[in-house]
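Worksheet for the structure shown next.
Values in this text are rule-based calculations from the coordinates and carry no lab data. Everything quoted here is computed from the prediction, not taken from an experiment. We place every Cβ from the backbone using ideal geometry, glycine too, and count neighbours over all the protein chains shown.
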Amino acid sequence: MSKPRDRIAPSPTGPLHIGTARTALFNYLHARHTGGTFILRLEDTDQARSSIAYEKDILDGLHWLGLHWDEGPEIAGEAARGPYAPYRQMLRLPLYEAATKRLLAADMAYPCYCTPEELDADRKAQEAAKLPPRYVGRCAALTREERAVCVAEGRPAAIRFRVGTGVVGFDDIVRGRVEFDVANLGGDFVIVRGDGSPLYNFVVVVDDAAMEISHVIRGEDHLSNTPKHVLLFRALGHPEPRFAHLPLILNPDRTKMSKRKSQTAISDYIAEGFIREALVNYLALLGWATGTEEEVLSIDEIVERFELADVHKGGAVFDRERLEWLNGQWIRRLEPEDLIERLRPFVAVQLAAGRIDWMPPDDDLRALLPVISERLPTLGAIGDLVGFLWVHELVYDTGLLVPKRWDVATAHVALAAARATIAAVGAVAFEADELEPPLRALAEARDWKVGDLFMAIRVAVTGRTATPPLFDTLVALGPERVLIRLDAAIERLAHA
RNA sequence: GCCGCAUUCGUCUAGAGGCCCAGGACACCGCCCUCUCAAGGCGGAGAUCACCGGUUCGAAUCCGGUAUGCGGUACCA
């Protein structure tokens, strides 16, 4: 048996959607697991809604996720890859025309001259009669003469495919046997618009046939289109591919995930600092599981374990909390240099937003890694976590300097004493291990709770009540700035 | 309306007739660790397996029906 050929066929009418990314991932997983070929095809026949910016967003997103395709369209000056080019539907128009002609010649399709008004009236009448909407077949049996009249009148002709009668069935890999009575398909459906442009349900089949796609893996929302596709494959004289309809990703209210109710653009997740390993891992686990208790898996481990037959049938609610947890898991698994590399753009964003005053050198970031990696649910959290390290002036509420058990005077005395203690440690010995003992001793000598003393110092040097461990933070700041900030805090308290 | 698909803790899921009065993970709660916040460890709470009926010595697992939800029903993709 020949190797599988799987494809993702996004339409550039919006940014890369979580659902498209998941479908792409499952196609990729199936191709890689079986040693097959993963193909990218751009479905850009909806010219009105397609844009090059969306196309770029989609391609970049797929690349970012690591879903590299074996065959695909030309992009940014790079030639198309693969023996079935072009991989962009607007460039394949002649193929659809040829297929249309064949269908027309065999009378498996026919021109339809119905106007939108007529169609609309039909639909309304059916609705009023509580009948399911379907094409009434007005043009199905036009004589040569009648057609000639329409042509002479210059009426545009859409092309309709004859659905015939009977039951169409197929064996869906995830759902099993699915059957539809052709009578419920809504009548002969349009495959080419009046303006000559072909429709999705048609081109998808022409292309899947031409590209020898063996497995059509897509969202469940396409399940009811499948009988039309099966009919078309047969009419075109091409063997049908296997179908696998994936469960939908859902909004919290269990409706199909949508922009209205959820964050759906992959680029938004990237911008927040989710990393590809986590997103891929999370998406793979929506609708599929290994059957073991393994959950944190690399894409290669998933490829190894993936089976289409193990995919679920029921929809899955997108759970951001779980994604965040996985993101943390993966951030902690990154090699230090890799993490620095990925963190840098997020620090740059802070700088550009004016939330920090300078860009820290990599050495500074590297030194921080041990204390920040377990505190980053997303890379974008870096600013909130340690942005105070890279600003000239701290902005905070003076009241924070006074722990609950203390009054202003105590805080003032304590910070002054802490300043002296820290100064006494000196720049040469400015290490966490050298700073902690004397400050603990100070608290003990004055009968202060160490937590209170440390909290006052923490706020004085960071402006925040939640930070990485205090002594590591002091070291990261360096002796000069620690003393300057302590002085500033002491000054504040003097006036409080 | 019609057609189709689905239904195990709040969420993601394990489960393919006895191992399940249902296991894991996220979230939640408590404890431990602890200078705060995390991370980590331990523990807890949380599912009459949608419902009803059948098959069977025995059903979350098989069969039928019902309910609910979702998807589709375009000269969108």
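Under 8 Å by Cβ, and 6 or more places apart or on different chains, what pairs join a residue from the range A:131-151 that is surrounded by 13 or more Cβ atoms within 10 Å (Cβ to Cβ) with one that is among the hydrophobic types (A, V, I, L, M, F, W, C) and in a helix (DSSP H, G or I)?
Within 8 Å, the pairs are A:Arg134/A:Leu185; A:Tyr135/A:Leu119; A:Leu142/A:Cys150.
Taking the residues in the range A:175-195 that are in contact (Cβ under 8 Å) with a residue 12 or more places away in the chain and on the phi > 0 side of the Ramachandran plot as candidates, determine which candidate is farthest from RNA strand B (Cβ to nearest atom).
Quick first cut of the range A:175-195, residues in contact (Cβ under 8 Å) with a residue 12 or more places away in the chain only: A:175, A:178-195.
Imposing the further condition that a residue be on the phi > 0 side of the Ramachandran plot reduces the set to A:186-187.
Details: A:Gly186: 4, A:Gly187: 9 Å.
Restricting to residues being in contact (Cβ under 8 Å) with a residue 12 or more places away in the chain and on the phi > 0 side of the Ramachandran plot, the top hit is A:Gly187.
Looking only at residues in the range A:313-372 that are in a helix (DSSP H, G or I), more than 16 Å from RNA strand B (Cβ to nearest atom) and of a type in the set (A, V, I, L, M), which one is nearest to A:Lys256 (Cα to Cα)?
This residue is A:Val349.
With surrounded by 13 or more Cβ atoms within 10 Å (Cβ to Cβ), among the basic types (Lys, Arg) and in a loop (DSSP other than H, G, I, E, B) as the only criterion, which of A:Arg464, A:Arg440, A:Arg419 stands out? Before you say what the answer is, go through the steps one by one.
Working: A:Arg440 fails: in a loop (DSSP other than H, G, I, E, B); A:Arg419 fails: in a loop (DSSP other than H, G, I, E, B).
Being surrounded by 13 or more Cβ atoms within 10 Å (Cβ to Cβ), among the basic types (Lys, Arg) and in a loop (DSSP other than H, G, I, E, B) holds for just one of A:Arg464, A:Arg440, A:Arg419, which is A:Arg464.
Results for (1) of a type in the set (Asp, Glu); (2) under 30 Å from A:Ala348 (Cβ atoms); (3) within 11 Å of RNA strand B (Cβ to nearest atom), shown as yes or no for each residue.
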{"residue": "A:Ala409", "(1), (2), (3)": "no, no, no"}
{"residue": "A:Lys449", "(1), (2), (3)": "no, no, yes"}
{"residue": "A:Met455", "(1), (2), (3)": "no, no, yes"}
{"residue": "A:Ala476", "(1), (2), (3)": "no, yes, no"}
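Go through (1) over 16 Å from A:Val461 (Cβ atoms); (2) of a type in the set (Val, Ile, Thr); (3) touching a helix residue (DSSP H, G or I) at 6+ places or on another chain (Cβ under 6 Å) for A:Thr421 and report which single condition fails.
Looking at each condition in turn, A:Thr421 falls short on (1).
Filter the range A:293-347 down to residues that are closer than 23 Å to A:Met359 by Cα and β-branched (Val, Ile, Thr) and give me whichever is surrounded by the most Cβ atoms within 10 Å (Cβ to Cβ).
Across the range A:293-347, the extreme among qualifying residues is A:Ile331.
Take the range A:1-35 and flag every residue that is of a type in the set (Gly, Ala, Ser), more than 9 Å from RNA strand B (Cβ to nearest atom) and crowded, with 19+ Cβ neighbours inside 10 Å.
Of everything in the range A:1-35, those that are of a type in the set (Gly, Ala, Ser), more than 9 Å from RNA strand B (Cβ to nearest atom) and crowded, with 19+ Cβ neighbours inside 10 Å turn out to be A:Gly19, A:Ala21, A:Ala24, A:Ala31.
Report yes if A:Arg375 is free of Cβ contacts under 8 Å to residues at least 60 places away in the same chain and under 28 Å from the mean Cα position of the chain (by Cα), otherwise no. Quick ask: steps written out before the conclusion?
Values: free of Cβ contacts under 8 Å to residues at least 60 places away in the same chain: no; under 28 Å from the mean Cα position of the chain (by Cα): yes.
No; evaluated as a whole, the condition is false for this residue.
Considering only the range A:147-163, state which residues are farther than 19 Å from A:Ala106 by Cα, of a type outside the set (Gly, Ala, Ser) and not in a loop (DSSP other than H, G, I, E, B).
A:Val149, A:Cys150, A:Val151
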